[in-house]
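See below for the structure under consideration.
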Amino acid sequence: MFNALVCAKLNVLIGNDDSCIASYITQADEWMAAYPVGTMIFAGGIRSPWRIGQPLYNMLNAYNNGDWAAPSIATDDDDHFPKAM
């Protein structure tokens, strides 16, 4: 969750549209506050916190990969900065 959340926030900071992901970022922030990095979370079981966390992670991951809503910003091969539009 942490990696996907950080990447989503960085994508927003570099100028990607956040209208489709802002509420998921907020929910993931709240989830991370309840289950900080290092907390042992198990995927199995009906009461597992990951039942809430996994759908959030999936949405953040799809956003980060440009597969959902806002497109990813293309980069030049020569440098790793966003292309001028």
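Where a number appears in this text, it was derived from the coordinates with a stated rule and is not lab data. If you're wondering where the values come from, they're calculated on a predicted model, not measured in any experiment. Here Cβ is always computed from backbone atoms with ideal geometry, including for glycine, and neighbour counts include all displayed protein chains.
Over the Cα atoms of the range 2-64, what radius of gyration and what Dmax do you get, in Å?
Just the Cα atoms of the range 2-64 yield Rg and Dmax of 12.0, 38 Å.
Given a Förster distance of 35 Å, report the FRET efficiency between R47 and I14 from their Cβ-Cβ distance, rounded to the nearest 0.05. Display every interim value, and only then the final one.
Working: r = 38 Å, r/R0 = 1.07.
Efficiency computed from Cβ-Cβ geometry: 0.40.
Net charge within 14 Å of L60 by Cβ-Cβ distance, Lys/Arg positive one each and Asp/Glu negative one each, not counting L60 itself?
Working: positive: K9; negative: D18, D29, E30, D67.
Residues near L60 contribute -3 overall.
If we count other beta carbons within 10 Å of each Cβ, what is the order of V12, V37, V6, fewest first? Display every interim value, and only then the final one.
On the way: V12 16, V37 8, V6 13.
So the ranking, lowest neighbour count to highest, is V37, V6, V12.
Label N65 and D29 with points 7 Å out from Cα along Cα→Cβ: what is the distance between them in nm?
Here the modelled spin labels are 2.6 nm apart.
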